[in-house]
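The values are calculated or read from the model by the stated rules, or taken from the named source; none is laboratory data. Everything quoted here is computed from the prediction, not taken from an experiment. A quick note on method: Cβ atoms are made from the backbone with ideal geometry, for glycine too, and the neighbour counts reach across all protein chains shown. Only protein heavy atoms, including side chains, enter the accessible area calculation; ligands, DNA and RNA are left aside. Shrake-Rupley method; radii C 1.70, N 1.55, O 1.52, S 1.80 Å.
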Amino acid sequence: MVDHVAGENVNQVVDMGKGVPVHDTPGYELPLLLFGGFRTLIEQLHTRLAAEGHPDMRPAHGFAMQAVGVHGATASDIGRRLGVSKQAAGKTVDRLLAVGYAERADDPADARRKLVRLTPRGYDALARSAAIFDDLRAEWIATLGADRVRDMEAALRNVVPEETAFRLDATSWLGTP
C-alpha cells in the first residue's frame, strides 16, 4: 500500500523480503486490487452521476436506497439490511430526505409505522446508476476484452459465496453510511 501524498510504502505488516516468492505477488495485493477496482468504478459512477444531475449522490446513498427497496422500508428495516444501528440508518434516511431521494410516508398496513420510500429523483438516480455501470463494464471490455471480463466475473462468482455476493451491509464494516 502506498501513501499517495508521500509516495512511500506504508504497509507495516508485510516485509516483502520474507516468504514471498519472487515470481508471485503477495497475498495482500488481491484484496487491495479488488477494492481498487471497486473504488475506481464507484468514483467514475459518481462523477458521471454528478454530471447527469445528481451531484449530492454519495456511495452510501446507493446502498441505502437499495435497502429501502421498491416497496419502502422502516428505518429499522434499513438499518438491519445495511448492518448498522437504527440511529445510523436514521441519519442516512435524513440525508436521503434532505437531498430529495426519499420521502417518509404512512405505512398502509400499520398506522403507527412510517415507511421510507424512494422519490422519482431516487429512482432516477438508481436507473442512471444502472445504465452507467453498464457503460463502465463496456469500457472494461474495451480495455481488457470481453472474454477476460466474463472470465473475471465467473471466477469471482466461484469464490464469493452466493449468499454474500450482493449484500448491502458493506457500510457496516467500511463505516456508517
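Please give the length that would be gained between ALA127 and GLU162 if that part of the chain were fully extended, namely 0.36 nm times their separation in residues minus their C-alpha to C-alpha distance (nm, one decimal). Provide the component values of the computation, followed by the final result.
Numbers: separation 35, 0.36 × 35 = 12.60 nm, distance 2.43 nm.
The ALA127-GLU162 span can extend by a further 10.2 nm.
How large is the accessible surface of LYS91 in square angstrom, using a 1.4 angstrom probe and rounding to the nearest 10?
Spelled out: LYS91, probe radius 1.4 Å, area about 150 Å².
What part of the accessible area of the range 120-171, given as a whole %, is carbon or sulfur when the probe is 1.4 angstrom?
Working: 2100 of 3670 Å².
About 57 percent, which is the carbon plus sulfur part of the accessible surface.
The range 72-177: which chymotrypsin sites (Phe, Trp or Tyr not before Pro) are DSSP loop and have at most 16 other beta-carbon atoms within 10 angstrom?
PHE166
Report, largest value first, the span of the C-alpha coordinates of the range 48-157 along each principal axis, in whole Å.
53, 31, 23
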